[in-house]
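Read the figures in this text as sums done on the coordinates, not as results from a lab. Small disclaimer: the values here were computed from a predicted structure and weren't measured. Cβ atoms come from the backbone with ideal geometry, glycine included; neighbour counts cover every protein chain shown.
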Amino acid sequence: MENGEGIRINKYFTQVGYCSRRVADKLIDAGAVKINGEVPEKGTKVMPGDVVTVRGEVVSQDTEKERVYLAVHKPVGIVCTTDKRREKDNIVAFVNY
């Protein structure tokens, strides 16, 4: 946490490796996120000791996902976006991880 003053909820999700800020904002808008049992607004700060959940599952430093780094020689025609709705031939589909 930053200086004991807490951090914005979407930044918290990126720091623990749960998801990007954009995805965090979508989860918050959908009402899937709770802080200490309360549905937060965008910009709500997570304080030390707060319990953050997504769809009932606790999200914390302890539940951080293992990071995997890949180096890929990307062929022409494969785009680097991860949004499968916009681009079907994207890097995520190409790597299939």
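Using C-alpha pairs under 8 Å with a sequence gap of at least 6, the mean separation divided by the residue count of the range 7-63 gives a relative contact order of 35 percent.
In terms of other Cβ atoms within 10 Å, Lys11, Lys42 run from fewest to most in the order Lys42, Lys11.
Tell me which of Ala24, Val52, Val39 sits at the most positive position along the dipole axis of the range 7-63, charges placed on C-beta atoms (Lys, Arg +1; Asp, Glu -1). Ranked along the dipole, the leading option is Ala24. Look at Thr14, Thr81 and count the other Cβ atoms within 10 Å of each Cβ; fewest to most, that gives Thr81, Thr14.
Listed by Cβ neighbour count within 10 Å, with the fewest neighbours leading, Tyr12, Tyr69 appear as Tyr69, Tyr12.
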